[in-house]
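Following: one structure in structure tokens, then a few remarks.
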Amino acid sequence: MANNDSIKKTLTVTILLCIVCSVVVSTAAVLLRPVQEVNKSLDFKRNILAAAGLSDEAASKGVEVVFNDRVNTRAIDFSTGKFTDAVAVAKYDQRKASKDPARSEDLSADQDLAKIGSREEYGLVYMIEGDSGLDTIVLPIRGYGLWSTLYGFMALDSDLNTVVGLGFYEHGETPGLGGEVDNPAWKALWEGKKAYGENGEAELNVIKGMVDAGTKNAEHKVDGLSGATLTSRGVGNLVQFWLGEDGYKSFLTNLKKGEA
């Protein structure tokens, strides 16, 4: 009579169990992938609407309904600062393009305030339109904090200067410190701030400490995150980059003139 406790039988059972578990996990991953992609797309759109101040409308009517009804997604060429048809908006993955040497531009140390290494040739912008035309424009932004690259959106009012909202949908900053970029109270501090100064230069930034009545040019400054100096600096740098010459500045200038 065979010994059920033999090493051979133990190994056989273990291997068979591993195979079964692997098949179950792999099958589940394949079957769930379409659902995960749908949820990922929905969350992406939800964050765009949140930056534009449309969270309540999205909650009552549905994210897809509001996004399809209010948002016009356009592609821009960073080199010309104008709209382009060079990429198919529905299929274009800006994040993948930024990592493809054939579809991106390396940034010098002086250019790379956001510490992203390279910037894609083409970007997507999200135009929130109302009865009288453009209400808000939402701009994808990203940059390195303390531990991670923060991915998010900045929304500007129709004057293309007043901040409507800012938020990050993906990052790996320290919970309770740099992770406070997700704090609604901190995100609310961005609302109403001015992106550009009278000279047309990007002035919006995060400072060390708090903005108060005595802070010079307070309309361009946001409180730093307590205990998260490097994350605060990273957010300030990435905002400066994307509002600058290598980011959206020329496009926003052209759009304001009606020449985009």
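Among A90, A109, which is of a type in the set (A, V, I, L, M, F, W, C), free of Cβ contacts under 8 Å to residues at least 60 places away in the same chain and over 22 Å from N47 (Cβ atoms)?
Unique residue meeting the criteria: A109.
So, of the residues in the stretch 142-159 that are of a type outside the set (G, A, S) and out of contact with any strand residue (DSSP E or B) (no Cβ under 7 Å at 6 or more places or on another chain), which turns out to be surrounded by the most Cβ atoms within 10 Å (Cβ to Cβ)?
Of all residues in the stretch 142-159, those of a type outside the set (G, A, S) come to 142, 144, 146-147, 149-151, 153-154, 156-157, 159.
Pick out the ones that are also out of contact with any strand residue (DSSP E or B) (no Cβ under 7 Å at 6 or more places or on another chain) and you get 144, 146-147, 159.
On the way: Y144: 20, L146: 18, W147: 15, D159: 10.
Here the answer is Y144.
For the stretch 154-257, the helices (runs of 4 or more DSSP H) that sit wholly inside it and include 1 or more residues that are within 21 Å of D135 (Cα to Cα) and free of Cβ contacts under 8 Å to residues at least 12 places away in the same chain are 184-188, 249-257. Just so you know, in the stretch 182-227 the residues that are of a type in the set (A, V, I, L, M, F, W, C) and within 16 Å of Q240 (Cβ to Cβ) include one that is surrounded by the fewest Cβ atoms within 10 Å (Cβ to Cβ), and it is I207. The single condition among (1) under 27 Å from I128 (Cβ atoms); (2) at pLDDT below 95; (3) exposed (fewer than 12 other Cβ atoms within 10 Å of the Cβ); (4) aliphatic (A, V, I, L, M) that A86 does not meet is (2). Scanning the stretch 236-258 for residues that are hydrophobic (A, V, I, L, M, F, W, C) and within 16 Å of G117 (Cα to Cα) yields L238, V239, F241, W242.
The values are calculated or read from the model by the stated rules, or taken from the named source; none is laboratory data. Here the structure is a predicted model, which is why all the values come from computation and not from measurement. All Cβ positions, even for glycine, are placed from backbone atoms using ideal geometry, and neighbour counts span all protein chains on display.
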